[in-house]
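Down below is the structure, laid out as structure tokens.
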Amino acid sequence: MSKIEKSKIEVVSSPPGIEGPGFFATSIDKAVGMARANSLWPLPFATSCCGIEFMATMASTYDLGRFGAERLSFSPRQADLLMVMGTIAKKMGPVLRQVYEQMAEPRWVLAMGACASSGGIFDTYSVLQGIDRIIPVDVYIPGCPPRPEQVLDGIMQIQKLVETESIRRRDTPEYKQLLAKYNIE
Amino acid sequence: MDQSLLSTVGDKLKTQFGNGIISSEMIADFPVFIVNRDVIDEVVKFLYHDETLAFQYLTTLAGLHYPDNKGHELGVMYQLHNLQKNHRIRLKVFFSIQDPVVPSITSTFSGANWMERQEFDFYGIIFKGHPNLKRILNVDDMNYHPMRKEYPLEDATREDKDDRMFGR
């Protein structure tokens with residue numbers, strides 16, 4: 001038997017709502033938001049050293065599985081979260097964009113490390129100066145490469161976004177405008 | 001060995017091509033021949049097929065750009081290897097940046113195909129007779145040749161960097 005007391009294991013608490021004997025009422029936005037935030041399927045788009053740091057994040061010491069993101073999706077069609085980790089060469093740009101376009105709504109993007117966020121040290125003719133030039137980004141993680149703690153913090157920021165967003169973000173005019181800015185249908 | 005290699009190869013090339021061979025010298029332990037660009041494909045073919053020379057392996061091929069060398073700004077360097085005798089030589093051609101055309105050696109070395117495409121990509125050197133001369137490493141819609149020294153290394157689209165602090 002493990003020595004961890006049962007009372008110390010943290011589980012996700014229920015969203016705010018009205019509770020009584022035998023019933024619990026909340027809005028569907030909150031319930032769905034909670035479910036989505038704690039069952040993200042990340043697509044790791046790892047091109048360099050940040051990808052190695054991400055492997056450490058997935059491994060037992062840091063264990064991204066604790067946040068419900070245990071299952072990595074290697075198909076963009078089933079992924080919720082695109083994690084771009086590493087230098088994106090200009091020639092890779094259209095590939096990344098296609099991967100993003102193949103993802104179904106709702107979708108979020110996390111730019112990990114200096115290269116994905118801004119081009120990093122590769123201020124040169126062949127490297128894309130930040131992935132936000134071709135696809136919208138929700139959360140940026142600074143660092144070169146960031147430590148796994150920072151990646152976990154980035155994931156938690158994404159979770160906060162996911163929890164609080166409306167259930168059909170894709171219908172909002174702001175979101176449509178954002179995608180139109182990037183010429184994404 | 002190398003000094004004698006310089007004279008054996010040099011003599012053979014001189015008798016075959018005459019004025020096509022502009023100069024020959026030792027640079028460190030490497031025999032280097034500067035060749036007229038119009039005959040470079042013939043020279044490579046001759047070095048390949050000659051029974052005693054037999055330079056049948058193309059180690060590498062590289063573009064050169066010396067902006068101060070007026071009239072001969074661009075160049076190509078070929079490094080050839082005789083695998084049986086372990087002899088190595090280097091050939092160079094130079095030409096004006098206004099007229100960056102040089103005959104392709106793909107008819108002798110198929111392996112030069114991608115190398116020549118790379119030098120076209122980075123220096124804009126046009127290899128006459130190349131079967132498929134298009135960009136190989138950079139994006140297809142790039143509108144300049146980035147290794148030419150008149151272009152800065154840095155990405156031109158950055159607006160957030162102050163030149164005084166980033167040494168641009």
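Throughout, read-outs are computed from the coordinates displayed, never taken from laboratory work. In this text the structure is predicted, and so the values were computed from the model without any measurement. A quick note on method: Cβ atoms are made from the backbone with ideal geometry, for glycine too, and the neighbour counts reach across all protein chains shown.
Note on A:Lys30: lysines with a C-alpha under 17 Å away, same-chain residues under 8 apart excluded, are A:Lys160. Can you tell me the orientation of helix A:49-58 relative to chain A, as the angle in degrees between its alpha-carbon axis and the longest Cα principal axis, to the nearest 10? That works out to roughly 10 degrees. Between A:Ala180 and B:Lys85, the distance separating the two model label sites (each 7 Å from Cα on the Cα→Cβ line) works out to 7.4 nm. Of all lysines in the structure, the ones whose alpha carbon falls short of 30 Å from that of B:Lys161, not counting any fewer than 8 places away in one chain, are A:Lys90, A:Lys91, A:Lys181, B:Lys149. Using C-alpha pairs under 8 Å with a sequence gap of at least 6, the mean separation divided by the residue count of the stretch B:1-51 gives a relative contact order of 31 percent. Between the listed residues B:Ala156, B:Leu64, B:Ser4, the Cα displaced farthest toward the positive end of the dipole of chain B, a dipole computed from Cβ unit charges relative to the Cα centre, is found at B:Ser4.
In the stretch B:119-168, what GluC sites (Glu not before Pro) fall in a loop by DSSP, with at most 11 other Cβ atoms inside 10 Å?
Working: sites: B:Glu119, B:Glu150, B:Glu154, B:Glu159; in loops: B:Glu150, B:Glu154, B:Glu159.
Answer by residue number: B:Glu150, B:Glu159.
The modelled label-to-label distance for the pair A:Glu70/A:Glu149, using points 7 Å beyond Cα in the direction of Cβ, is 2.6 nm. Amide H contacts of B:Thr59: B:Gln79, B:Leu80, B:His81, each under 5 Å away and 5 or more positions distant or on a separate chain (H built 1.01 Å from N in the peptide plane; Pro and chain starts excluded).
Comparing Cα centroids, the stretch B:95-126 and the stretch A:107-185 end up 41 angstrom apart.
For chain B, the longest principal axis of the C-alpha atoms and the axis of helix B:2-17 are separated by about 90°.
Gain on full extension, evaluated as 0.36 nm per residue between A:Ala59 and A:Lys8 minus their Cα-Cα distance, stands at 16.1 nm.
Gain on full extension, evaluated as 0.36 nm per residue between B:Ile27 and B:Lys12 minus their Cα-Cα distance, stands at 3.4 nm. Annotation: extensible slack from A:Met156 through A:Ile18 equals 47.1 nm (criterion: 0.36 nm per residue apart, minus Cα-Cα distance).
Taking Cα atoms only, the orientation of helix A:148-164 departs from the longest principal axis of chain A by about 70 degrees.
Can you compute the FRET efficiency between A:Arg133 and B:Trp114 using 1/(1 + (r/R0)^6), with r the Cβ-Cβ distance and R0 = 41 Å? Round to the nearest 0.05.
Efficiency for this residue pair is about 0.90.
Among B:Met142, B:Met115, B:Met26, the residue with the largest mean-square fluctuation in a Gaussian network model of chain B, with springs joining Cα atoms closer than 10 Å, is B:Met142.
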